[in-house]
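See structure below.
FYI, it's all coordinate maths here, none of it is from the lab. Keep in mind that this is a model prediction, so the values were computed, not measured. Virtual Cβ from ideal backbone geometry, glycine too; neighbours counted across all protein chains shown.
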Amino acid sequence: LGSHASITNFTYNRRRGVTNFVDSALICGPMLHYGYGWLESVIPVVNPCCSSSAICKWSASHAAAAHVLIDDFIFDAVFIAIMFISTGIGEGYRMNQILSHCKKDYFPAVKAMWKASFLLMPLEFCLFRFLPLSLRVLGMNMIEIVWDAIASYMIHRHRQIEIGKEPNLVSM
């Protein structure tokens, strides 16, 4: 190899990293924990016919597939909107700037996330089907690392271009 690989034009934005971490740890992570618990109570994967759920005739595989579809197509769309707002606030953007970004980039971001989720669905299915509920969020968090990187890129790709190098920052 002999040559050094260098990444040009890359600078780490600490504020962006911190706001993404806070969004994941304090907002989306707990919401996923309770969301997956709710899904398990409504469409149980573990002992599907032994629960008091309305959907009792589904097999565990059908239930896991339903969990994946709900997670990928409903939860993801909600989390993209939350991520737009929480990271925008954390990075010091004003609400009108955040809403402007959402209007332009929300649907392209959701479509990109659906494409990424489509590729990750087999792994997500295995996690929902075979992991107990207590480990499901941890397993999905491994997938969320990839998901968050793509979502962060999609959310931030126009922010600094349109507003300049820095937003009208609110001092931290």
Of the peptides 114-124, 22-32, 62-72, how do they stack up when ordered by the mean number of other Cβ atoms within 10 Å, highest first? 62-72, 22-32, 114-124
Straight-line reach only, C-alpha to C-alpha below 20 angstrom: list the aspartates and glutamates that Lys111 could link to, leaving out same-chain residues fewer than 8 apart. Asp71, Asp72, Asp76, Glu124, Glu144, Asp148
